[in-house]
1. Return the pairs, sorted by first residue and then second, in which the second residue is surrounded by fewer than 15 Cβ atoms within 10 Å (Cβ to Cβ) and not hydrophobic (A, V, I, L, M, F, W, C), the first residue lies in region 267-287 and is under 28 Å from residue 341 (Cβ atoms), the beta carbons are less than 6 Å apart, and the residues are 6+ apart or on different chains.
2. What pairs come up if the first residue lies in region 191-206 and is within 17 Å of residue 158 (Cα to Cα), the second is exposed (fewer than 15 other Cβ atoms within 10 Å of the Cβ) and modelled with pLDDT under 95, and their beta carbons are under 8 Å apart, counting only those six or more places apart or on different chains?
3. Among the residues in region 217-225, are any free of Cβ contacts under 8 Å to residues at least 60 places away in the same chain, in contact with a strand residue (DSSP E or B) (Cβ under 6 Å, 6 or more places away or on another chain), closer than 19 Å to residue 310 by Cβ and within 16 Å of the ligand (Cβ to nearest atom)?
4. Could you say which residue among 107, 123 is free of Cβ contacts under 8 Å to residues at least 12 places away in the same chain and charged (D, E, K, R)?
5. Filter region 99-129 down to the residues that are buried (at least 21 other Cβ atoms within 10 Å of the Cβ) and within 30 Å of residue 280 (Cα to Cα), then identify the one that is farthest from the chain's Cα centre (by Cα).
6. Mind checking which residues of region 306-332 are charged (D, E, K, R) and in a loop (DSSP other than H, G, I, E, B)?
7. State whether the residues of region 268-281 include one that is in contact with a helix residue (DSSP H, G or I) (Cβ under 6 Å, 6 or more places away or on another chain) and not charged (D, E, K, R).
Amino acid sequence: MQDLIASSLKYQNNTLSVLDQYLLPHQQTWHVCSDVATMRDLILSLKIRGAPLIGIGASLLIAHLAEQGATKDTLAASIDELEATRPTAVNLMHCMAKLRIALQQSDFVTAIVSSAVNLFNEDIALCESMANHGAALVRRGDNILTHCNTGALATAGIGTALGVIYKAQQQHGNIHVWVDETRPLLQGGRLTAFELERWQVPYTLICDNMAASLMAAGKVDKIFVGADRIAANGDFANKVGTYNLAVLAHFHNIEFYVVAPLTTLDVSTACGADIEIEQRSSAEVRGVSGSFGEALWAPSNAQVYNPAFDVTPAKLITGWVLDTGVYSQREIEAEKLKELS
Ligand code: MRU
């Protein structure tokens, strides 16, 4: 397979490497990944994360295994195993479905490699299109709030919601970003802050529970977030805390946009209530861990509720920024998403 380079994933000289997103921003460690068990661990521990990137990383590994001579049966089992790692982000299922089709070809090795390379390149192009459509909604001087990490670290390209922000800064300048730290795993505080710093986009880091008072003070003009799955009626699942922001935005009359590529649409899911929400370990809420070590602040046996995602209903969304354009509530009600998929 040809060399492919993204911010947090690379295939170079027949070796797949993943940047450890759990250790960022203070440690930049790359892990070589050459088997399914390693990729499974990297995904489960969120060392590789972000809806588009999980699917692409898993696809590149399957393509690598195919080139290394894995049998059809082994590849089929590997696809099944990787698909089961995280249940909410539909991009992983989308990528694995493409590879299953490739596996049916007589020259399945060539077909799988070409599918994986296409998925990688397609994601770069999708990010660019979303960023252009989204940046047209932003005005010079806007204060934009975002949640979780949806940047280049989470995709093969410049990102989804954060890609829009980056593009808006390039096109209009004078943008300022409020970055939700995003408890429990702090993708905002660790990763979005890191990316905005690298891109030289002015930002201010806040704890998630500070967003309401900022909105009440008139300091938020627009909100852009990503998505892990968009249902046929426009409801979407994203990092837990997104729904809070949508409710707050509605109350304060602030524009709230979801940004996602067509690989995040799942029109076979009728509405948000049908999206499976990943539940994660209690340790993530009882304390925190990272490059600095571990801290436990709650009683070690405290009962914990830890859904990784929540669902935002379509009625709270101002617009769906997809790679094909920006869609309104009226268009979504007219089953526009079904038409696009
Ligand atoms: O659990 P994570 O860090 O993989 O969750 C990521 C998100 O919720 C993102 O907002 C979403 O995947 C879109 S990323 C381009």
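1. Listed by first residue and then by second, the contacts come to 267/338; 267/341; 277/307; 279/307.
2. none
3. Taking region 217-225 first, the residues free of Cβ contacts under 8 Å to residues at least 60 places away in the same chain are 217-218.
Next, from what is left, pick out any that are in contact with a strand residue (DSSP E or B) (Cβ under 6 Å, 6 or more places away or on another chain): none.
So far as region 217-225 goes, no, none of its residues is free of Cβ contacts under 8 Å to residues at least 60 places away in the same chain, in contact with a strand residue (DSSP E or B) (Cβ under 6 Å, 6 or more places away or on another chain), closer than 19 Å to residue 310 by Cβ and within 16 Å of the ligand (Cβ to nearest atom).
4. On the way: 123 fails: free of Cβ contacts under 8 Å to residues at least 12 places away in the same chain.
Answer to the check: 107.
5. For region 99-129, the residue satisfying everything is 99.
6. In the first step, residues of region 306-332 are kept if they are charged (D, E, K, R); the result is 310, 315, 323, 330-331.
Across region 306-332, the qualifying residue is only 323.
7. Just the residues of region 268-281 that are in contact with a helix residue (DSSP H, G or I) (Cβ under 6 Å, 6 or more places away or on another chain), to begin with: none.
No, the conditions are met nowhere in region 268-281.
Residue-wise test of (1) in contact with a Pro (Cβ under 9 Å, 6 or more places away or on another chain); (2) of a type in the set (D, E, K, R); (3) surrounded by fewer than 13 Cβ atoms within 10 Å (Cβ to Cβ); (4) in contact (Cβ under 8 Å) with a residue 60 or more places away in the chain.
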position	(1), (2), (3), (4)
293	no, no, yes, no
311	no, no, no, yes
326	no, no, no, yes
335	no, yes, no, yes
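The values are calculated or read from the model by the stated rules, or taken from the named source; none is laboratory data. As the structure is a computational prediction, the values presented were derived from the model and not from experiment. We place every Cβ from the backbone using ideal geometry, glycine too, and count neighbours over all the protein chains shown.
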